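Enquirer: Take this structure first; my questions come after.
Each reported figure results from applying straightforward, stated rules to the coordinates on display, with no laboratory input. Fair warning: this is a prediction, and the values are worked out from it, not measured in the lab. Cβ placement follows ideal geometry from the backbone for every residue including glycine, while neighbour counts extend to all protein chains displayed.
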Ligand SMILES: NC(=O)c1ccc[n+]([C@@H]2O[C@H](COP(=O)([O-])OP(=O)(O)OC[C@H]3O[C@@H](n4cnc5c(N)ncnc54)[C@H](OP(=O)(O)O)[C@@H]3O)[C@@H](O)[C@H]2O)c1
Ligand SMILES: NC(=O)c1ccc[n+]([C@@H]2O[C@H](COP(=O)([O-])OP(=O)(O)OC[C@H]3O[C@@H](n4cnc5c(N)ncnc54)[C@H](OP(=O)(O)O)[C@@H]3O)[C@@H](O)[C@H]2O)c1
């Protein structure tokens, strides 16, 4: 326990080691010493949910070997003081138990020591120390660890609900921004394409898109894999499933044109975990349509110059992980749809 | 002259050498042989306008040395068959004279051999051959060359207007997307911050933003350089100029808060030519505001995770270089404002 607490910046800039003058997310290295400043919250970490684009890259680098995955994950945290994948630039989030609350926050937070929470800020800016890797769940993007983390004063969190398994909450809160943005973007009667519609965020977006587009709308799920397409068909929220690799831009455009009488999509939601799908997203969208890039493997220049290159006047939105009320919204989807809940329990618990 | 023309894809995929199966913009290397396919247009190139983020990077790599800039530019084109900067991912555009029109386009284009045009698609997807570098204009991001380029069937272009100097047209058409998007985004009465407001696109955005925000609105121009701020003050379209480095995220937020009674900006338009300004843009925007990232030095993950990290529910838009009518709109600004035209003639002719 600290005798005297040092005052910290609300944004955690006091933890930045290099380069100086940037914010924690932009920093190469931050200070992961686990003695907190006066406005920080110390967390005993239970599990990490590694961002899908990051975990896909790490699994590839490790050729699927568990020990090598562990080494890469520990190496990143030792080097940078945070789990900020230097290749993909992305992080993930965590669940844990509140261990200590800085005195400057007293009376200003609804948390108490012992509360179980999920952080709603990226691991790419969260001071983290891993003491031991307990178990790696290769197919769930999750890693059980012993260790600690720090939440800054402006860092968002959600208390874990009593009625939902904590691993399930970890899985769904990681991608809570996607269905929340889908709810804002999709209007009744619209045609919506969800690329990677068989994945974690993709499934939530297909469900939410159908809710918003309604019976007069049309939701199209895309995946290159038969098992994902079969699952989408079984769940029944997609009006069409297209078994296409989204990296094949022309193939995707033709497939979407095929089921929309050439009209293409009003809204495309990109939820893949791999690079090089910007152009497919652009070609599948009609003039003056909207593309929501939730995928962390999106290249800014490929999107901007790709649209220009084919004269597509489309609005392309950067997938902000945060939207007001996104955590409650995502947990609410599990409560409202038994089919969604059963699927997520099967896959992530 | 070709005896027989081979049929080409409207998107130019027939020119992709590696990797196979992607579009020309996404390709590492495209075929820059200057014998055209049946739906292509051959251009005798007069000058290139290198994208500002790319040219800034090249000038840094060359330590400002003209010969080294020439070597880097030629090296990129020899390696990739297009001027696609591998560090920044961006290109630029060109002006030239129509040398040949593929027979499949006859009756389908308003162009004829000898017309002077600007391409409105990025150099990052345009087959280009440089025979000779004639002159490098370090301060204008322009390079006069002898060489040829190819425009694909779906590639947009603008005929150079008779009343505007061609170098001036080249300069302004390069960034035509920025004022067009500003016109769409800014509503009367809003507070708008233009980061890099003293630059080429920034000046156009400050002008357009003031036009749209009107007398009840507030336009704030940001630059770290006294000369840029002085110019903004002299032009008189910005209500405030802030001499701040946009990489100093907290400094920028405080400066914008200072002139907006803490309200921050409804719309932030990012027109810088350097990396690491995502966080400053986010912190300068109020909750539920909008950020338009025109800068090609924008990192997708830094924007997405940065906003999440500080709980900012802002809409972040990828700066599509194309918007319907953007070329006419930009040229129209020069015709409507003598002050704007005088400035651009001084700087770019
Ligand atoms: N913006 C944010 O704040 C934020 C937050 C969290 C996550 N993300 C990003 O969101 C994306 C999705 O995350 P997630 O957790 O939903 O990942 P996920 O469950 O792995 O889903 C990705 C889906 O894309 C599919 N896919 C793979 N290759 C494809 C291709 N060529 N064409 C079409 N689909 C393909 C995958 O199939 P297989 O699984 O069968 O390979 C999977 O179903 C990731 O890029 C992640 O980084 C963003
Ligand atoms: N989305 C698209 O399709 C598209 C098309 C064209 C261009 N672009 C991009 O748009 C951006 C602007 O292009 P441009 O031609 O307008 O470039 P520009 O004329 O060089 O303007 C950039 C401005 O930013 C200023 N600046 C430099 N460092 C700064 C800092 N730390 N804080 C605030 N301002 C700073 C520059 O000042 P100094 O010049 O004095 O250094 C300059 O005034 C570039 O990133 C370019 O790649 C995008």
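Enquirer: Kindly state, to the nearest 0.05, the FRET efficiency for residue A:254 paired with residue A:287, given R0 = 25 Å and r defined as their beta-carbon distance.
Expert: About 0.90, to the nearest 0.05.
Enquirer: How tilted is helix B:249-259 with respect to the longest principal axis of chain B? Cα atoms for both, answer in degrees (0 to 90, nearest 10).
Expert: 60 degrees
Enquirer: If you don't mind, another one. If you wrap a convex hull around the alpha carbons of chain A, what volume per residue comes out, as a whole number of Å³?
Expert: Cα-based convex hull of chain A, divided per residue, equals 133 Å³.
Enquirer: Okay, next question. How long are the three semi-axes of the equivalent ellipsoid of the protein assembly as shown, in whole Å, if each is the root of 5 times an eigenvalue of the C-alpha gyration tensor, listed from largest down?
Expert: One finds semi-axes of 42, 31, 23 Å for the protein assembly as shown.
Enquirer: Would you order A:194, A:206, B:45, A:186 from fewest to most other beta-carbon atoms within 10 Å of each residue's own beta-carbon?
Expert: Going from least to most buried by this count: B:45, A:186, A:206, A:194.
Enquirer: State, to one decimal in nm and shortest first, how far the label point of residue A:107 sits from each corresponding label point in the other identical copies (label point: 7 angstrom along Cα-to-Cβ).
Expert: Spelled out, the distances from residue A:107's label point are 8.3 nm.
Enquirer: Can you give the calculated 222 nm mean residue ellipticity of chain A, where each DSSP H run of n ≥ 4 adds -39,500 (n - 2.57) and the sum is split over every residue, rounded to the nearest 500 deg cm²/dmol?
Expert: -10000 deg cm²/dmol
Enquirer: I've got another one for you. Most fluctuating residue of A:78, A:153, A:308 in a GNM of chain A with Cα springs under 10 Å: which is it?
Expert: A:308
Enquirer: How far, in nm to one decimal, is residue B:79 from itself in the other copies if the label point is set 7 angstrom along Cα toward Cβ? Shortest first, please.
Expert: 2.2
Enquirer: Further, regarding this structure: May I ask for the Rg/Rh ratio of the range B:277-349, computed from Cα atoms with Rh as the Kirkwood radius, given to two decimals?
Expert: A ratio of 1.12.
Enquirer: What is the distance in Å between the Cα centroid of the range B:82-121 and that of the range B:296-333?
Expert: Distance between centres, Cα-based: 25 Å.
Enquirer: Moving to a separate point now. How far apart are the residue B:328 label points across copies, placing each 7 Å from Cα toward Cβ, in nm, shortest first?
Expert: 4.8
Enquirer: Taking every alpha carbon pair in the range B:101-151, what does the distance histogram look like in 5 angstrom bins from 0, in percent?
Expert: 4, 14, 20, 26, 19, 8, 6, 3, 0
Enquirer: Quick one: if the Förster radius is 22 Å, what FRET efficiency do residue B:44 and residue B:74 give, using the C-beta to C-beta distance and rounding to 0.05?
Expert: 0.75
Enquirer: If you take the Cα atoms of the range B:1-75, find Rg, then find the Kirkwood Rh from the mean of 1/r over all pairs, what is Rg/Rh?
Expert: Result for the range B:1-75 is an Rg/Rh of 1.07.
Enquirer: Relative to the longest principal axis of chain A, what angle (0 to 90°, nearest 10) does the C-alpha long axis of helix A:326-336 take?
Expert: It is inclined by approximately 60 degrees.
Enquirer: How far, in nm, would the chain grow between residue A:134 and residue A:61 when pulled straight, counting 0.36 nm per residue and subtracting the alpha carbon separation?
Expert: Going from the current span to full extension adds 24.2 nm.
Enquirer: How long are the three semi-axes of the equivalent ellipsoid for the range B:3-160, computed from the Cα gyration tensor as the root of 5 times each eigenvalue, in whole Å, largest first?
Expert: 26, 17, 12
Enquirer: Considering just Cα atoms, how many Å³ per residue does the convex hull of the range B:177-348 enclose?
Expert: With only Cα atoms used, the range B:177-348 gives 102 Å³ per residue.
Enquirer: Continuing with this model, one more query. For chain B, with a Gaussian network of springs between Cα atoms less than 10 Å apart, report the residue from B:234, B:142, B:25 with the top mean-square fluctuation.
Expert: Of B:234, B:142, B:25, the most mobile in the Gaussian network model is B:234.
Enquirer: Here's something else I'd like to know. Where does helix A:66-80 land angle-wise versus the long Cα axis of chain A, in degrees 0 to 90, nearest 10?
Expert: The helix A:66-80 is inclined about 60 degrees to chain A.
Enquirer: When A:216, A:223 are ordered from fewest to most other Cβ atoms inside 10 Å of their Cβ, what list results?
Expert: Sorted ascending by nearby Cβ count, the order is A:216, A:223.
Enquirer: Follow-up. For chain A, modelled as a GNM with alpha-carbon contacts under 10 angstrom, which of A:266, A:110, A:228 fluctuates the most?
Expert: Greatest mean-square fluctuation among the candidates belongs to A:110.
Enquirer: While we're here: For peptide B:25-34, compute the average count of partner chain beta-carbon atoms within 10 Å of each residue's beta-carbon.
Expert: Per residue, the average neighbour count from other chains is 3.
Enquirer: Using alpha carbons only, what's the Rg to Rh ratio of the range B:145-267 with Rh from Kirkwood?
Expert: Rg divided by Rh gives 1.07.
Enquirer: Hey, quick one: spin label on residue A:184, modelled 7 Å out along Cα-Cβ, who in the range A:101-143 has an amide N within reach, i.e. under 18 Å?
Expert: A:120-122
Enquirer: Right, another one. Given all pairs of different Cα atoms, what value in angstroms does the Kirkwood hydrodynamic radius of the range B:71-135 take?
Expert: Hydrodynamic radius (Kirkwood, Cα pairs) of the range B:71-135 is 13.3 Å.
Enquirer: Quick one: order B:252, A:46, B:66 by neighbouring beta-carbon count within 10 Å, fewest to most.
Expert: B:66, A:46, B:252
Enquirer: Over the whole of A:246-253, what's the average partner chain Cβ count within 10 Å per residue? Rounded to a whole number, please.
Expert: Averaged over the peptide's residues, the number is 3.
Enquirer: Right, another one. Average partner chain C-beta neighbours within 10 Å, per residue of A:284-293?
Expert: Going residue by residue through A:284-293 and averaging, the value is 1.
Enquirer: Considering only DSSP beta bridges where both residues belong to the protein assembly as shown, give the percentage that are antiparallel (nearest 5).
Expert: Roughly 60 percent of the DSSP beta bridges within the protein assembly as shown come out antiparallel.
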